[in-house]
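The values are calculated or read from the model by the stated rules, or taken from the named source; none is laboratory data. Worth saying up front: this structure is predicted, and the values here are computed from it rather than measured. No Cβ is skipped: glycine too gets one built from the backbone with ideal geometry, and neighbour counts run over all protein chains shown. Quick note on the areas: whole protein, heavy atoms, side chains included, nothing else; ligands and nucleic acids left out. Shrake-Rupley method; radii C 1.70, N 1.55, O 1.52, S 1.80 Å.
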Amino acid sequence: MSHATRLLKADPSQKRFAQELLLAFGLIGVIVLTRFLLVEWPNFKPVAAIALFSGFWFRNQCLPWVAIVVGMLVTDSVFGSYSWPIAIAVYLGLLTPLWFGKLLVRVPRRQLTKFAGCWLGSVFGGSIVFFFLTNLSVWKFSGMYTQTTTGLTECLVVAIPFFRSTLAGDFIFASLIFGGYFMAMAWMLRTDRQVLLN
């Protein structure tokens, strides 16, 4: 019996884990590829959008965390990273949408207006958390700003253009990912109905 045949006959939980493992490897590839392709576009990356969708779709608690961290570590090993306190803030900021995605699962998808509102809030919330976590870390640990309210204000103001780029990337990539997912689900449902009718 071939591996593919055994997989088809496996119980649903095993098949689901195989799907999630395959997607996790795919996500690592997407993160690495897009960070290289969009290197000239600071903060305009799909990592936070991928994290949001991963929290929404994955049942396994570890795989999405591992996929995102590995994807980031691979590219940071090439680009060069930052001081470890700032790196921790960046990674935490990019992983936060996983938690928003877990909350999004609880929203009934049939209540389209409510789901859309929660989705928008999740995307915007992830961008806000990333902005404050990373810039508080830069203010505190980079040595570029005085450790005063004035220094913090200056740091946040300077970072506003980067926030616009972050927000645009998060909304665009999250729209593409979730839109593609729901379109695929609708297509599969239509196909199943047609099969049943036949």
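Ranked by the mean number of other Cβ atoms within 10 Å of their residues, highest first, the peptides 119-126, 146-153 fall in the order 119-126, 146-153. Sorting 106-112, 17-23 by average packing, meaning the other beta carbons within 10 Å per residue, from highest down gives 17-23, 106-112. Taking only alpha carbon atoms, the chain gives an Rg to Rh ratio of 1.05, where Rh is the Kirkwood radius. For the chain, adding -39500 (n - 2.57) for each run of n ≥ 4 DSSP H residues and dividing by the number of residues yields -28000 deg cm²/dmol at 222 nm. A simple rule links phi to the HN-Hα coupling: the Karplus curve 6.51 cos²θ - 1.76 cosθ + 1.60 with θ = phi - 60°, which for the range 42-47 gives x, 6, 8, 9, x, 4 Hz, with x for Gly and Pro.
Dipole of the range 1-132 computed with +1 at Lys/Arg Cβ and -1 at Asp/Glu Cβ about the Cα centre; of PHE56, PHE131, VAL39, farthest Cα towards the positive end is PHE56. As a fraction of the 1.4 Å probe accessible area of the chain, surface on carbon and sulfur atoms comes out at 72 percent. Rg and Dmax of the range 93-132, both derived from C-alpha coordinates alone, stand at 10.4, 33 Å.
Accessible surface computed residue by residue for the chain, with neighbouring protein chains in place and a 1.4 Å probe, gives 60 Å² per residue.
A straight line joining the Cα centroids of the range 145-176 and the range 18-47 runs 21 Å. Convex hull volume of the C-alpha atoms in the range 12-128, normalised per residue: 110 Å³.
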